[in-house]
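Report on one structure; see the data block that follows.
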Amino acid sequence: MSLAFCGNENNSLAYNVDRGVLNNGCFLDALNVVPHIFLLFITFPILFIGWGSQSSKVHIHHSTWLHFPGHNLRWLLTFILLFVLVCEIAEGIVSDGFTQSHHLHLYMPAGLAFMAGITSIIYYHNIETSNFPKLLLALLFYWVLAFLMKTIKFAKYTEHSVGLRQLRYCITGLLALLYGLLLAVEINVILGRRYLCFTEATEVKPPEDLQDLGVRFLQPFVNLLSKATYWWMNTFITAAHRRPIDLKVIGKLPIAMRALTNYLKLRKAFESQRRPLGSMPQGPKWIWRALRQAFGRPLIISITFRFLADLLGFAGPLCISGIVHHISKDNRTIQPPIKLLGVYFISSQEFLANAYVLAVLLFFALILQRTFLQASYYVAIETGINLRGAIQTKIYNKIMRLCTSNMSMGELTVGQICNLVAIDTNQLMWFFFLCPNLWAMPVQIIVGVILLYYLLGISALIGATVIAVLAPVQYFVATKLSQAQKSTLEYSSERLKKTNELLRGIKLLKLYAWEHIFCHSVEETRGKELTSLQTFALYTSISIFMNAAIPIAAVLTTFVVHVHISEEADLSPAVAFASLSLFHILVTPLFLLSSVVRSTVKALVSAQKLSEFFSSDEIGDEQEPNATMPTGPSNHKTIPSCPRNHNNKYQAVPLKVVNRKRHPRDDWNNYSHEGGNPPPQEGDQDLCIRITSGYFTWTDGTPTLSNINIKVPFGQLTMIVGQVGCGKSSLLLAALGEMQRVSGTVTWNILPSLDSEGDDSPTSDKDAADDGDIEKRGSVAYASQKPWLLNATLVENITFEMPMIKPRYKAVIEACSLQPDIDILPQGDQTEIGERGIILSGGQRQRIGVARALYQQTNVVLLDDPFSALDIHLSDHLMQEGICKLLREEKRTVVLVTHKLQYLPHADWIIAMKDGTIQTEGTLKDIQNSDPKLFEQWKTLMHRQDGEFEKETVAESMTVLERKNLRRAMYSKEAAKTEEEHEEESVESEEDDSLSQAMRHRTTIPWRSCGVYLSSAGLLLPLLLLSQLFKHTLMVAIDYWLAHWTSHVITAKMDATGRNCTVAQECGFSHSWYLSVFSVLCCLGIVLCLVTSVAVEWTGLRVAKELHHNLLSKIILAPMRLFETTPLGNILNRFSSDTNTIDQHIPATLECLSRSTLLCVSALGVISYVTPVFLIALVPLAIACYFIQKYFRVASRDLQQLEDSTQLPLLSHFSETVEGLTTIRAFRYESRFRQRLLEYTDANNIASLFLTAANRWLEVRMEYVGACVVLIAAVASISNSLYNHLSTGLVGLGLTYALMVSNYLNWMVRNLADMEVQLGSVKRINGLLKTEPENYEGLMAASQVPDGWPRQGEIQIQNLSVRYDTTLKPVLKQVNAHISPGQKVGICGRTGSGKSSFSLAFFRMVDMFEGRIIIDDIDIAKLPLQTLRSRFSIILQDPILFSGTIRFNLDPEMKATDDMLWEALEIAQLKPVVKTLTGGLDAMVTEGGENFSQGQRQLFCLARAFARKSSILIMDEATASIDMATESILQKVVMTAFADRTVVTIAHRVHTILNADLVIVMKRGIILEYDRPQALLEKEDSVFAAFVKADK
């Protein structure tokens, strides 16, 4: 066939110009070529020559700077233009098919126009990014020309009565309109930028974000094409292969997405709901209203995108139906087209009847649908993330103003607040993610049912009814699932609580041989959790089963009914496969329905919780302060807002805690009733704090402190003393305004800060003014009794946001004797401490807290019992160097709470407390005169005079265990590194080869962990694999049979026509045989769906059970070494997040992964079977997929880990703030902490946003690959059918499967990436499973050990050498000693002398590599560990209590009677305390014993040892945190109650062992002196005598 522009038929009207040139159709088309040729010639040189020189000049993200107005509209119009041009080309080609010769003019101009359209947008993009608006003139000319030519053509068509029935007429009109609109956009640019016809052009500045090179998240700034395809992510994702993604790589958030911006938006929405009187509305409704107002608009955009995507989704089934229908027509003759203007015109029906046209349209519809869908997801998720940031900031601001009493009385726990942040904000975020589904689902269902009805008639409604009837069942299953998940969560948090206690108290448990009791308790809870998990697994498998079985059931019923209802049922492949696709579409919204409804319910509950939290009591003023959060760094300085009269001191309005339960008017009456501010009394000028007739309470009950009248003088040392639990700490908090004040006044006079340059209250003036006068107290350095540390480096903990002043820092470190500790730490003072860092001992934590208070340059320093966890030397050093020297020299006001009465002579002012009231106050002399009895009592307790310091003993500086434990921990940190840490190290190391190796390691899937996981499944594994394979084979068989059946229907019809039967049945064709086979296959398929879903979940359960059981057994038997060298958080994470992943996430991911992979494989197999040609095209597509998934997996894993790792600091910042609320408020550091919160939130949010963008990047690409698969499969099968007579049923089958591929490809890659991340948990747990356990077996069996052993308690130590690890030096060297039955032995010595190692050797907690210990004639090395440890008692320095009853704490083995327990409590001075508690022995102890004071906890530990009735008791510095009075009582008790038992005391204060029968003095692991104390004291040069002298 010949080729010519106008065709070359002889009788052609194509060249006829008798009626004028413009009336010739071919000439009109030729004329339309001109503008396109013009544009291509003009722009190509500019594009290729002019670009190199421009791009380097602009120092911003110039490639994303959008300058010109109407930018998005231009892109949109260009896309529409290109689509219409494709239609024009297709229409030309179809029209041309009716002529003898080829008429190029029908489609060549459109082809050139298409090229010109693409060129125009590329040209525009380049001009825009390099900011040369004048070059846009070329485009202006082009649009004018194109618009004119199209208009002329349109006018001529109209003139020749070409009408709307002809498709080309419509296309020409559309193109004229589009060119006109683009011309308007171009003119708008001229008006906006004034680069033409105006004297001055408009100056344009880039957006602020783009001037900041730190902003790398460019989604809001790129052009429409890049936005839709996430093209800007390409470099980011491919770069992840070369170097890991971290916070530096992802940069900062754009301003509009930052937490502060969104918080202000949300706050504005809340403010707008204020009632006229200024009160805030209550309840969750106002939260929803505010959220709608602040974040509603983007959600509407997302819903719109979703609607468009869902409607486009129906193009698939319709096009399949059309294509198969077109092929199956036996006569393909269409009435000839109309010929006008010498050219053929076709109607749109004829155009759409062409199978190839439908294939191309299907391709475009798929691409558009996927683009809209991903855009909808992205907008919804971005909105959700912004909302989460805003709510988290609002929660944090609320925390900063919470009443302390809410926290201490358990109304709000740290856990609850962390749940609000971690769970509830995420629930709201998820609700926003799923919100578009709520609106889109009904539309999808309605349209789907209408189309099914159109295809199948009434039987379609029956099929839809099957789906609809099963939807409530789905919902029921979903609610059951969430209930099961809830109960699982309750059990797992209970299990975690127990595991946490077990790990924290592991040393005590091992020493008491109680580990199995606690292990059993954890296992018991795990058992309940597994039962609950079984329910969870059951419902999950039902849910998976229904997802797979409902479509099969629906199709089966529909076809059965369809065949039976009418004899002439049209069951052609077109109908069958279109309805099959429609059922697949219909099922999706119904599955989503359950999760959307569940998410909605959860979001409603979360909103309720948030509204309750937002309305809880606040401290001070009720209204929300203006959050003046600095946007820059937080070291801004503000001048203290205090008036300058009264010699720069002023009186504050009394502190007040507003109680919301009372009416505000009552508060006002109270003020007036108190007569406002009392006038300053004489002498007030010298007072820093004055409390007059103060009554303070924590709850609404009786006041904790009553009738408090105290004064704290300026610049002097005030000490507060009293017995355990008399309200000393509460008094400090009352002064700080943390307690609820019932009545009385608290007055602060504040001097200007010592150094207003360096320090000052960081709350700005506006804050202070807004919060009322309560805030006028300046910054106060406060060290709480329970030390509060930040998760930061040691130096940051001490400087605490203050500038580093080296000399001052050194002086503080010296005063707190922290230098030796710093030397031991791996990175010195740059070591991370706190929850996530190195585990420090109580004493070290306490000294860091005190060091922080000393370092601050505030006028007032409050120290709450800073000596409680310190030994005598450290206490003395801190008192002398820190308090008396450092603070006194600076004339700072110091208030010190202490039990150490020997320091009273240093005090300028003393406040003595008793039972919540003030017993007396004054100087020591005043008290001696006014209350001689009290003074005498103190004097007997003050065992030593001041000033007699031995230089030598002061140098000794810390409890043995602390530093040694730390040093040990450091050694082992070097020795035992897990695989993971090695891997991380190698990534960090700078050498190229190791880096490239590590990068290679990052790109491979952890197959070994996968092997570990699957091998734990045992026999279930083959069942799982076989059932999956069988199921998918059956699925393909069902569809293949349908194709076979429907093809036969068509052939039967043709035969019928040939043999003149009216219906096919008459010619002997029957549906029944096909139908019965189809039914059997479907039923088998449904059964197999059930089997596979159950198999997957049961496998998961089996593995979860195995791994947790093995892990717990390994950990409980592990040597102490492991716990000293591994941060507790790490071990706990294996039990929490990793176990949770294995329990709940891996089975689901595994199921999804295997299903999507097998579906893809079977789909590609079917397509290749139908059209083998497809295999050729498959190769490039497979290569593309391989590279996309390869790059994506690495980036996705990095981003997921980054999201998790940025969430951790955010959550711990919340819990840290809640725990240290009093300290932060005392320091007035609220705004600094808010600033830090914003940084953490933004870091987490940007990681989440990048992860979302990466997921969209993958999905868009995979969907486009899927669309190509559909296009190729369609074109190949159409050609195959037309030329090789492929059966129509198989064409339908191939196309249906091709549509499935695009759905499952990205699922496969996403699940692969998820699986890879989740297998990390298996890998980490497997790392711990390799731990070597302690050797619990002995040479003797437990039954061979005499029952009452050891009866006498005689101890012989022969040549004993001990070390902590085979790699370390010995800590005891060849020690020999003999302790007679019932002797009281005291061991003393400097730090590191081996005292504690001596005590641990009795329990074989350390490696005894030489010598032996013989107790009552049995060598302890021969005994089983469990038996040995169960026969001794030990009291450790750190008191450890477990949650449960008091009875359980004293005797978990349940061996002792009540009388024995009461006796033990009486001995430990606790009987009166326990008697007053409800339940007595069955009263509850909270976690860690928080409801008892430190001293009381230690007494409980003593009682525990007494209750054990063993004949050997070891006390390891057990009286460290007890006041002296209690301690002296205890000493007496030990001597009397243990008269007949052997007691070994490791002494903290040497005077406690003066009454011992025998004293052992140790130095560097050997025994220096060994004798009766009297004998040693008489010796002139004895070391013991020197110690005693120093301790006087």
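The values are calculated or read from the model by the stated rules, or taken from the named source; none is laboratory data. Keep in mind that this is a model prediction, so the values were computed, not measured. Don't worry about glycine lacking a Cβ; one is built from the backbone with ideal geometry, like all the others, and counts go over all protein chains shown. Ligands, DNA and RNA are stripped out before the accessible areas are found, and what is left, the full protein with its side chains, is counted by its heavy atoms. Shrake-Rupley method; radii C 1.70, N 1.55, O 1.52, S 1.80 Å.
Taking the conditions (1) crowded, with 17+ Cβ neighbours inside 10 Å; (2) among the hydroxyl-bearing types (Ser, Thr, Tyr); (3) more than 30 Å from residue 1498 (Cα to Cα) in turn, residue 479 satisfies each one other than (1). When the stretch 1452-1463 is filtered for residues that are open to solvent by less than 50 Å² (accessible area, probe 1.4 Å) and modelled with pLDDT under 85, only 1456 remains. Does residue 176 fit the bill of being open to solvent by 50 Å² or more (accessible area, probe 1.4 Å), in a helix (DSSP H, G or I), small (Gly, Ala, Ser) and more than 29 Å from residue 383 (Cβ to Cβ)? For residue 176, the condition - open to solvent by 50 Å² or more (accessible area, probe 1.4 Å), in a helix (DSSP H, G or I), small (Gly, Ala, Ser) and more than 29 Å from residue 383 (Cβ to Cβ) - is not met. Of all residues in the stretch 1291-1316, those being open to solvent by less than 30 Å² (accessible area, probe 1.4 Å) and either β-branched (Val, Ile, Thr) or touching a residue at least 60 places away in the same chain (Cβ under 8 Å) (or both) number 18. Per this entry, residue 1222 is counted among residues that are part of a helix (DSSP H, G or I), open to solvent by 10 Å² or more (accessible area, probe 1.4 Å) and either touching an Asp or Glu at 6+ places or on another chain (Cβ under 8 Å) or among the hydroxyl-bearing types (Ser, Thr, Tyr) (or both).
Of all the criteria given as (1) in contact with a strand residue (DSSP E or B) (Cβ under 7 Å, 6 or more places away or on another chain); (2) surrounded by fewer than 20 Cβ atoms within 10 Å (Cβ to Cβ), the one not satisfied by residue 158 is (1). Does any residue of the stretch 1129-1137 turn out to be modelled with pLDDT of 85 or more and either open to solvent by 40 Å² or more (accessible area, probe 1.4 Å) or among the hydrophobic types (A, V, I, L, M, F, W, C) (or both)? There is at least one residue in the stretch 1129-1137 that is modelled with pLDDT of 85 or more and either open to solvent by 40 Å² or more (accessible area, probe 1.4 Å) or among the hydrophobic types (A, V, I, L, M, F, W, C) (or both).
Against the list (1) at pLDDT 85 or above; (2) surrounded by 19 or more Cβ atoms within 10 Å (Cβ to Cβ), the condition residue 524 fails is (2). Restricting the first member to the stretch 594-605 and to residues that are closer than 16 Å to residue 287 by Cβ, and the second to residues that are surrounded by fewer than 18 Cβ atoms within 10 Å (Cβ to Cβ) and of a type in the set (A, V, I, L, M), the beta-carbon pairs closer than 8 Å and six or more apart or on different chains are 600/438.
Kindly establish whether residue 453 is of a type in the set (Ser, Thr, Tyr), in contact (Cβ under 8 Å) with a residue 60 or more places away in the chain and over 16 Å from residue 590 (Cα atoms). Answer is no for this residue. Of all residues in the stretch 787-808, those satisfying the criterion of being over 16 Å from residue 886 (Cα atoms) and without any contact (Cβ under 8 Å) to a residue 40 or more places away in the chain are 795, 796, 804. In the stretch 1090-1103 there is at least one residue matching the filter, namely being modelled with pLDDT of 80 or more and within 30 Å of residue 1335 (Cα to Cα). Only helices (runs of 4 or more DSSP H) whose full extent lies in the stretch 71-168 are considered here, and the ones with at least 3 residues that are over 45 Å from the mean Cα position of the chain (by Cα) and of a type in the set (Lys, Arg) are 137-159. Against the numbered list (1) among the small types (Gly, Ala, Ser); (2) closer than 30 Å to residue 1405 by Cα; (3) free of Cβ contacts under 8 Å to residues at least 40 places away in the same chain, residue 527 comes up short only at (2). Scanning the stretch 551-581 for residues that are in contact with a Phe, Trp or Tyr (Cβ under 8 Å, 6 or more places away or on another chain) and among the β-branched types (Val, Ile, Thr) yields 555, 558.
Taken over the stretch 1441-1451, the criterion of being surrounded by fewer than 19 Cβ atoms within 10 Å (Cβ to Cβ) and part of a loop (DSSP other than H, G, I, E, B) is satisfied by 1443 alone. Residue 1438 meets each of the listed conditions (1) modelled with pLDDT of 85 or more; (2) in contact with a Gly (Cβ under 9 Å, 6 or more places away or on another chain); (3) open to solvent by 40 Å² or more (accessible area, probe 1.4 Å); (4) within 27 Å of residue 1504 (Cα to Cα) apart from (1). All of 533, 511, 571 fail the test of being of a type outside the set (Asp, Glu), open to solvent by less than 20 Å² (accessible area, probe 1.4 Å) and within 29 Å of the chain's Cα centre (by Cα), apart from 533. Restricting attention to the stretch 1356-1396, the residues that are of a type in the set (A, V, I, L, M, F, W, C) and within 19 Å of residue 1508 (Cα to Cα) total 0. Does residue 1117 count as among the hydrophobic types (A, V, I, L, M, F, W, C), over 30 Å from residue 1038 (Cβ atoms) and in contact with a Leu (Cβ under 6 Å, 6 or more places away or on another chain)? Here the answer is no, as residue 1117 does not meet what is asked. Considering every residue within the stretch 492-504, establish whether at least one is closer than 30 Å to residue 468 by Cα, among the small types (Gly, Ala, Ser) and surrounded by 19 or more Cβ atoms within 10 Å (Cβ to Cβ). No, because not a single residue in the stretch 492-504 is closer than 30 Å to residue 468 by Cα, among the small types (Gly, Ala, Ser) and surrounded by 19 or more Cβ atoms within 10 Å (Cβ to Cβ).
Taken as a whole, the stretch 35-53 holds at least one residue that is under 56 Å from the mean Cα position of the chain (by Cα), modelled with pLDDT under 65, more than 25 Å from residue 92 (Cα to Cα) and among the polar types (S, T, N, Q). You will find that of 881, 832, 801, the residue that is charged (D, E, K, R), on the phi > 0 side of the Ramachandran plot and open to solvent by 30 Å² or more (accessible area, probe 1.4 Å) is 801 and no other. Looking across the stretch 1222-1241, the residues that are touching a Leu at 6+ places or on another chain (Cβ under 7 Å) and within 20 Å of residue 419 (Cα to Cα) come down to 1238, 1240, 1241.
Taking each residue of the stretch 1022-1042 that is farther than 15 Å from residue 1152 by Cα and looking for partners that are open to solvent by 40 Å² or more (accessible area, probe 1.4 Å) and in a helix (DSSP H, G or I) with beta-carbon atoms closer than 6 Å, six or more apart or interchain, yields 1034/1084. Selection of strands (runs of 3 or more DSSP E) fully inside the stretch 1358-1416 by the criterion of at least 3 residues being out of contact with any helix residue (DSSP H, G or I) (no Cβ under 6 Å at 6 or more places or on another chain), over 30 Å from residue 873 (Cα atoms) and in contact (Cβ under 8 Å) with a residue 12 or more places away in the chain returns 1407-1415.
Scanning the stretch 1533-1592 for residues that are within 57 Å of the chain's Cα centre (by Cα), free of Cβ contacts under 8 Å to residues at least 24 places away in the same chain and farther than 28 Å from residue 1369 by Cα yields one hit, 1536. The residues of the stretch 1538-1569 that are in a helix (DSSP H, G or I) and open to solvent by less than 10 Å² (accessible area, probe 1.4 Å) amount to a single one, 1553.
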